[in-house]
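Undergrad: My structure is below; once you've seen it, I'll send some questions.
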Amino acid sequence: MSDAIADAKRALRAELRERRQLLTPHAREAAAAGIRAQLDALVDRLGATSMSCFLSTTTEPGTREFVAAAVERGIRVLLPVTRADGLLDWSVATPDLDIAEGMFGLPEPVGELLGPIAVNDVDLLVIPAAAVDRRGMRLGWGRGYFDKTIGSMDRCPPVYAVVFDTEVVDEVPSDVHDQPVTGVVTPTQTIVLAPVRR
């Protein structure tokens, strides 16, 4: 990655992180309710019976209500667990989900771990992002876990990134290893972008 791209990514991440920290508790609650409604509709539209999703941190658009409701509906939800080698293990979400602080301080499930290839069987990937542009390029938080996951899948299902409304932007800095997403879910809308896979 060139220094200019890396610097641009760092600067944009810092700006977005600061904006997220300024959100009020009420705005966060409203965003979580919106995300749940949008993801419920997306799952229904795609007919997904098995999917991956992430457990949101306190500053991310809330996904936990959605995960709990999806499990209750009988959808098999795989949750990511970070590994030191840059890959993701997966754990099946359960109604009595135990959550602990994982690597990098991220909320992660406590339970039986499935290896990285477990995600190959899902109908839908729902992943975190700092921002997504109108070409479908996603700016992650810089560790590359989801880019590696998406890039390694033979038959990648639809991939939707979850962001706040203001984080759908005209362009994010991207490099050759960055993977595009199929669409983006915000608290008020789901946008299908359908980019070409690299």
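Undergrad: Using a 1.4 angstrom probe, figure out how much accessible area segment 23-182 has per residue, in square angstrom, rounded to the nearest whole. Display every interim value, and only then the final one.
TA: Details: 7150 Å² over 160 residues.
Using a 1.4 Å probe on heavy atoms only, each residue of segment 23-182 averages 45 Å².
Undergrad: Collect residues whose amide H, placed 1.01 Å from N in the peptide plane, falls under 5 Å from the amide H of V162; neighbours closer than 5 in sequence don't count.
TA: Correct list: I127, A129, V185.
Undergrad: Between segment 141-193 and segment 49-110, how many Å separate their Cα centres?
TA: 17 Å
Undergrad: Contour minus end-to-end for L114 and V169, with contour as 0.36 nm per residue of separation and end-to-end as the Cα-Cα distance?
TA: Extra length available between L114 and V169 comes to 16.3 nm.
Undergrad: Also, I was wondering about something else. Using only alpha carbon positions, build the gyration tensor of the chain, then give the equivalent ellipsoid semi-axes as the square roots of 5 times its eigenvalues, largest first, whole angstrom.
TA: Gyration-tensor ellipsoid for the chain: 23, 20, 17 Å.
Undergrad: Still on this model: For a protection proxy built on the mean count of beta-carbon atoms within 10 angstrom, sort 115-128, 2-15, 168-181 highest first, please.
TA: The peptides rank, most packed first, as 115-128, 168-181, 2-15.
Undergrad: In segment 63-127, which trypsin sites (Lys or Arg not before Pro) fall in coil by DSSP and have 13 or fewer other Cβ atoms within 10 Å?
TA: On the way: sites: R64, R73, R76, R83; in loops: R73, R83.
Here the trypsin sites (Lys or Arg not before Pro) that fit, given the DSSP loop and packing criteria, are R73.
Undergrad: Looking at segment 72-123, which GluC sites (Glu not before Pro) are DSSP coil and have at most 10 other C-beta atoms within 10 Å of their C-beta?
TA: E112
Undergrad: I would also like to ask the following. Relative to the compact-globule scaling 2.2 N^0.38 Å, provide the ratio for the alpha-carbon radius of gyration of segment 111-198.
TA: 1.05
Undergrad: Moving to a separate point now. How much length is gained on full extension from H177 to T59, taking 0.36 nm per residue of separation minus their Cα-Cα distance?
TA: The H177-T59 span can extend by a further 39.9 nm.
Undergrad: Placing +1 at every Lys and Arg Cβ and -1 at every Asp and Glu Cβ, with all other atoms neutral, what dipole size does the chain have around its Cα centre, in debye to the nearest 20?
TA: Result for the chain is approximately 340 debye, rounded to the nearest 20.
Undergrad: Carbon and sulfur together cover what percent of the accessible area of segment 26-120 at a 1.4 Å probe radius?
TA: Numbers: 2460 of 4520 Å².
In segment 26-120, the share of accessible area belonging to carbon and sulfur is 55 percent.
Undergrad: Figure the gain on full extension for A30 and D96 (residue separation times 0.36 nm, minus the Cα-Cα span) and round it to one decimal in nm.
TA: Difference between extended and current length: 21.3 nm.
Undergrad: Chymotrypsin sites (Phe, Trp or Tyr not before Pro), restricted to segment 7-101: which are DSSP loop and have at most 11 other Cβ atoms within 10 Å?
TA: Passing both the DSSP loop test and the Cβ count: no residue.
Undergrad: Here's something else I'd like to know. Quote the convex hull volume per residue of segment 10-112, based on C-alpha atoms, as a whole number of Å³.
TA: Once divided by residue count, the hull of segment 10-112 is 123 Å³.
Undergrad: Something else now. Would you kindly calculate the translational diffusion coefficient of segment 102-158, applying Stokes-Einstein with the Kirkwood radius from alpha carbon pairs, for 10 °C and a viscosity of 1.306 mPa s, and quote it in µm² s⁻¹ without decimals? Could the numbers behind the result be given before it?
TA: Working: Rh = 13.1 Å.
D, rounded to a whole number, is 121 µm²/s.
Undergrad: Tell me, what is the percent relative contact order of segment 129-178, built from C-alpha pairs under 8 Å that lie six or more residues apart? Please list the in-between numbers first.
TA: On the way: 54 pairs, mean separation 28.3, N = 50.
Rounded, it is 57 percent for segment 129-178.
The values are calculated or read from the model by the stated rules, or taken from the named source; none is laboratory data. Note that the structure is predicted; figures quoted are calculated from it, not measured. Methodologically, a virtual Cβ is constructed for each residue, glycine included, from the backbone with ideal geometry; neighbour enumeration extends over all protein chains shown. Surface areas here come from the heavy atoms of the whole protein model, side chains and all, with no ligands, DNA or RNA. Shrake-Rupley method; radii C 1.70, N 1.55, O 1.52, S 1.80 Å.
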